[in-house]
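The values are calculated or read from the model by the stated rules, or taken from the named source; none is laboratory data. Since the structure is predicted, the reported quantities are computational estimates derived from the model, not experimental observations. Glycine also receives a Cβ, built like all others from the backbone with ideal geometry; neighbour counts cover every protein chain displayed. Heavy atoms of the whole protein, side chains included, go into the accessibility calculation; ligands, DNA and RNA do not. Shrake-Rupley method; radii C 1.70, N 1.55, O 1.52, S 1.80 Å.
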Amino acid sequence: MSPLVRRAAVVFAAGAALLSGFAVHGGAQAQERAADASASVAAEAATLREAAAAHGKFVGTAVADGRLGNSTYTGIAGSQFSSVTAENVMKWESIEPSRGSFSFAAGDRLVDFAQSHDQQVWGHTLVWHSQLPDWVRNGGFSPAVLTQVMNNHITTVMDHYEGDVAYWDVVNEAFNEDGSLRSSVFSDTLGQGFIAEAFRTARAADPNAKLCINDYNTEGLGAKSNGLYNLVSSLLSQGVPIDCVGFQSHFILDSIPSSLQANMQRFADLGLELVITELDIRITLPADSSELQRQGQQFASVTNTCLALDACKGVTVWGFGDADSWVPGVFDGQGAACLYDNNYQAKPAFDAMLTALGGTPGGGDPDPDPGDPPGDCRATYTVTNRWNAGSVVQVSIVTDSALSGWSVTFSLPSGRITSGWNAAYAQSGTSVTATNVSYNGSVGAGGTLSFGFQTDSGAQYATPTVSLNGEACSA
Ligand code: 9MR
């Protein structure tokens, strides 16, 4: 990666260290000030990432490479989330489709996106039985050659992304439902030892990346999570370098395991980091409003479980828009599993998750990023016309930093947007997100972006806080 790219990754890590260092080394008064600052940031945060950061956690999403040209999609992905996982483009079939021939362009696009939005990258995934090219699956390699093929893949991919990817799913979905080892070309040829080998190779390739084992249906106590627990315990006792466990969390409405926290706790007790890596909650279609409300409560409850465990570092959703979800393609008649609907309108699940994180849907945020100089943007919110049942509002923002896409959030305490110009609008209750359209996403440093809309309410209210890409602007 280029020096510029590497520098951005280091700045991200330094920011995280600054936050935790302040609380740890700053003495009692400073700790109190830090706690107060966190509480007020959480209380006013209007985005998931701001609210999660106040707890020292990240909130992530899987990103579909094919959507990176859609400005509504990139606006939400960039403003709401602090971590991104490649939904498909870092898998073996994409990255090493034929032996020794590596293709990093799509993965690099995600890294560039993340770095321009101050996000962590989660690498998914190095060794997995699925989305594995035929040349590996049916290669008929001897144990020695397959070991060399696997290690070469791990080493080449991790070297390429060294400094850019914070966590790697080194081994994915290694278990059967009964807790035994799943049959795959790796386990069939190399036995269970392929897992230790993969982790050792990964540590040598990038000593600073966190190395995870990731699986589904291991969220609650049970046979499969017992298998994972026993394996991880034994790896640790052999000194195998493993840092974290990913709980995918592809849930069904009303079926979140009641033992989620107890199960995660036993892995935390082994000294590991934990992450909810692929959260979605599917519903039998069509989803009615009571189901969508319950889904919100369940997104909140999973979020609360992560907040309750120091070892849980973050929650990643497996895509944020129902339109992009893998669910309907795999489970006939099911879907609506995400935080936003098919048109990228926030669902009750979004508000519930934000509220669980201590944020306020539609709220402002005076300084979401302690340590960041204030005044990155200045906003004017002007009601240019008002009558008994309508108003026209014009918003202009001067940005100190160059933008390659923008997403502006603010609250509209009364009424709904009926039409608008120079932005795409999403409104959920009083929360509005205005995202750039195709022709106005690029704004130079010191430049101005502006957009306007008409509402169906003539009510008067105080000028709301306007946030640009997750940062509150001064008025
Ligand atoms: O969301 C991914 C979908 O686009 C792919 O077609 C699918 C292929 O297996 O993989 C999906 O992501 C999976 C992830 O990589 C591992 N855990 C389960 C996810 C949902 O199937």
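Please give the number of the condition Asn176 fails out of (1) open to solvent by 20 Å² or more (accessible area, probe 1.4 Å); (2) out of contact with any strand residue (DSSP E or B) (no Cβ under 6 Å at 6 or more places or on another chain); (3) more than 16 Å from the ligand (Cβ to nearest atom).
Here Asn176 meets the rest and fails (3).
Is it the case that Tyr425 is within 22 Å of Ser71 (Cα to Cα), open to solvent by 70 Å² or more (accessible area, probe 1.4 Å) and either free of Cβ contacts under 8 Å to residues at least 12 places away in the same chain or not in a loop (DSSP other than H, G, I, E, B) (or both)? Break it down into steps so the answer makes sense when it comes.
Working: within 22 Å of Ser71 (Cα to Cα): yes; open to solvent by 70 Å² or more (accessible area, probe 1.4 Å): no; either free of Cβ contacts under 8 Å to residues at least 12 places away in the same chain or not in a loop (DSSP other than H, G, I, E, B) (or both): yes.
For Tyr425, the condition - within 22 Å of Ser71 (Cα to Cα), open to solvent by 70 Å² or more (accessible area, probe 1.4 Å) and either free of Cβ contacts under 8 Å to residues at least 12 places away in the same chain or not in a loop (DSSP other than H, G, I, E, B) (or both) - is not met.
Among the residues of region 220-227, is there at least one that is within 25 Å of the chain's Cα centre (by Cα), of a type in the set (Lys, Arg) and closer than 19 Å to Phe267 by Cβ?
No, there is no match, as no residue in region 220-227 is within 25 Å of the chain's Cα centre (by Cα), of a type in the set (Lys, Arg) and closer than 19 Å to Phe267 by Cβ.
Return the residue satisfying two criteria in turn: it lies in region 89-113 and is in contact with an Asp or Glu (Cβ under 8 Å, 6 or more places away or on another chain) and closer than 30 Å to Glu471 by Cβ, and of such residues it is most open to solvent (accessible area, probe 1.4 Å). Don't jump to the end; show me each part of the working.
Looking only at region 89-113, we keep the residues that are in contact with an Asp or Glu (Cβ under 8 Å, 6 or more places away or on another chain), and these are 89, 102-103, 106, 109-111.
Retained after the next criterion (residues that are closer than 30 Å to Glu471 by Cβ): 89, 106, 109-111.
On the way: Val89: 28, Ala106: 23, Arg109: 115, Leu110: 6, Val111: 0 Å².
It comes out as Arg109.
Quick check on Gln293: is it open to solvent by 10 Å² or more (accessible area, probe 1.4 Å) and more than 26 Å from Gly333 (Cα to Cα)?
Numbers: open to solvent by 10 Å² or more (accessible area, probe 1.4 Å): yes; more than 26 Å from Gly333 (Cα to Cα): no.
Answer is no for this residue.
How many residues does region 51-88 contain that are part of a helix (DSSP H, G or I) and within 16 Å of the ligand (Cβ to nearest atom)?
5
Could you say whether any residue in region 137-153 is under 25 Å from the mean Cα position of the chain (by Cα) and surrounded by fewer than 20 Cβ atoms within 10 Å (Cβ to Cβ)?
no
Only one of (1) under 20 Å from Leu48 (Cβ atoms); (2) touching a strand residue (DSSP E or B) at 6+ places or on another chain (Cβ under 6 Å); (3) open to solvent by 10 Å² or more (accessible area, probe 1.4 Å) fails for Ala300. Which number is that?
Exception for Ala300: condition (2).
Working only within region 226-253, note down all residues that are within 16 Å of the ligand (Cβ to nearest atom) and assigned to a helix (DSSP H, G or I).
Correct list: Leu228 only.
Please find, among Ser396, Ser457, the residue that is on the phi < 0 side of the Ramachandran plot, part of a strand (DSSP E or B) and surrounded by fewer than 21 Cβ atoms within 10 Å (Cβ to Cβ). Write out each step before concluding.
Values: Ser457 fails: part of a strand (DSSP E or B).
Going through Ser396, Ser457 in turn, the sole match is Ser396.
Within region 366-385, track down each residue that is open to solvent by 30 Å² or more (accessible area, probe 1.4 Å) and modelled with pLDDT of 85 or more.
Arg378, Thr380, Thr382, Val383
When region 313-358 is examined, which residues are found to be farther than 19 Å from Ala46 by Cβ, assigned to a helix (DSSP H, G or I) and among the charged types (D, E, K, R)?
Answer for region 313-358, where residues must be farther than 19 Å from Ala46 by Cβ, assigned to a helix (DSSP H, G or I) and among the charged types (D, E, K, R): Asp322, Asp324.
Could you identify the single residue in Asp332, Asp324 that is closer than 27 Å to Asn70 by Cβ and surrounded by 21 or more Cβ atoms within 10 Å (Cβ to Cβ)?
Details: Asp332 fails: surrounded by 21 or more Cβ atoms within 10 Å (Cβ to Cβ).
The unique qualifying residue is Asp324.
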